[in-house]
Amino acid sequence: MDKTKFVLDEKDMPTAWYNIQADLPEPLPPLLHPGTKEPTILPPPLFVEALNEQEFSKERWIEIPEEVQAIYRTWRPTALHRAYRLEKALDTPARIYFKYEGTSQAGSHKPNTAVAQAYYNKQAGVKRITTETGAGQWGSALSFGCMLFGLELKVYMVKVSYGQKPYRRILMETWGATCIPSPSTDTQIGQKILAEDPDSPGSLGIAISEAVEDAGTHDDTRYSLGSVLNHVLLHQTINGLETKKLMAEQADVYPDIIVGCVGGGSNFAGMFLPFVRDKIDGTKPDLRIINVEPESCPTLTKGPLTWDFGDVAGMAPIAFMNTLGHGFIPPPVHAGGLRYHGMAPIICHLLKLGLVEATAVPQVATFEAGVTFARTEGILSAPETNHAIRVTIDEALKCKEKGESKVILLAHSGHGHFDLAAYDGYLAGRLEDYAYPEDKVKEALASLPEVPAK
Ligand SMILES: *Cc1c(COP(=O)(O)O)cnc(C)c1O
């Protein structure tokens, strides 16, 4: 039997991140200032210079600092697995591989950028970082990163999640971060919202506004974002580079199909960007790259490609992206994360150029796939990842129908050990599907910013 698990030696871990901006057939549209609507950089009071440079860099390879490499080596390189048991259960001739990012200390791909961002902030003399978190995955990854570099971290956590999902908060606090429910009395925006509605459940938009206000009003503080931005996707390419190397040098295969889930797009872009290069230069024209999103937050499949604010409050730069409208909030029955109204501009650009594709899946089917994965490969996956597992299984079943032994590569973004309540809901038959919320999207799209023709 062929090998089950492929791992790089530590000394063979890639030492530079791959920047797709060097190879795009058309450059990315600019970011626009939310007030003037003119091209802008990331707001300097919020981001350090090194990250701003990476955001707009056209250099193909960006050196990973030694200190960041040393920390990466505490859990990287991560393994590429062959999913024999899943293949067998599906009775498919497809060859399914998955690269598993759940072995990081925070349980997902997110530390790949959290560690890098904490490093660059430390280098620039920053003492303190603020961020927002929904369910707590980003907050916990950044807590881990800040702990390693002795940075203070304040996490504004959406109040409903703070109440319902205490375990990631406890993880953040154990790593030394401060985590408070948002809206809070610590910011003017929070005070204003609480004055109007003392029982406000909070939202990601409110939490972002609080974290941004906090960073903007403290000289020693910067703000950090865990997805969407170019520099975040850049840091995640360590994963795709490792995978490409493992497939070429050890597994001796090249994927026919790469599948991943997308919220803001960081884990999946980190996987596929080094491969999409082979489509751009014409060496692998038939490679399919499938972005998977929830039907209840279908940014790429239903959202128009247009200018919209990066944040719900309309304070962040305006990006050219597929969007459901910055005021869009997914329905409350939606359990699986991946709730952002927009999408990484790099992914939207590649979708427009026809280099990647997108599909949306309903919630119950994603958990069904996640349970199949747990009952074959053993890993209890994050609800986000289950979206990608659903489509991986569907593609493998298509191979069965057609008798094709395609190579399917699944970007496995993390484990679901903090998401057991959602599994409980599924196993008890309480989880519901929620079709595309057309009216809510229509309403949210009515308040797109007016941008003069670019
Ligand atoms: C945060 C998260 C995602 C979604 O974010 P992306 O930026 O789209 O990758 C997906 N999977 C896991 C496990 C996550 O923690």
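No lab work stands behind these numbers, since they all come straight from the coordinates. Remember, predicted model here, so these are calculated numbers, not experimental data. Please note: Cβ atoms are built from the backbone with ideal geometry, for glycine as well, and neighbour counts cover all protein chains shown.
Details
- Bins of 5 Å, starting at 0 and running to the largest distance - Cα pair percent for region 344-415: 3, 15, 21, 21, 20, 13, 6, 1
- Cross-link reach is defined here as a Cα-Cα straight distance under 12 Å, omitting same-chain residues fewer than 8 places apart; for Lys279 the aspartates and glutamates meeting it are Asp23, Asp256.
- Region 64-213: Lys pairs at Cα distance under 17 angstrom, eight or more positions apart or on different chains: 4
- Shape call, region 193-297: gyration tensor on alpha carbons, a/c limit 1.5: prolate
- Excluding same-chain neighbours fewer than eight residues apart, the lysines reachable from Lys284 by a Cα-Cα span under 18 Å are Lys244, Lys245, Lys406.
- A Cα-only calculation for the chain places Rg and Dmax at 20.7, 66 Å.
- Residue order, fewest to most beta carbons within 10 Å, for Val391, Val364: Val364, Val391
- Per residue, the chain reaches -12000 deg cm²/dmol at 222 nm when only DSSP H runs of four or more residues are counted, each adding -39500 (n - 2.57).
- Spin-label model distance (nm) - Leu397 vs His218, 7 Å beyond Cα toward Cβ: 5.0
- Over region 314-376, volume per residue of the alpha carbon convex hull, in Å³: 121
- Peptide ranges 406-418, 311-323, 32-44 listed from the most packed, as the mean C-beta count within 10 angstrom indicates: 406-418, 311-323, 32-44
- At q = 0.10, 0.17 Å⁻¹ the log10 of I(q)/I(0) for region 1-119 amounts to -0.49, -1.02, computed by Debye summation with a single uniform scatterer per C-alpha, solvent ignored.
- Loop sites in region 326-413: GluC sites (Glu not before Pro), DSSP, at most 14 other Cβ within 10 Å: Glu404
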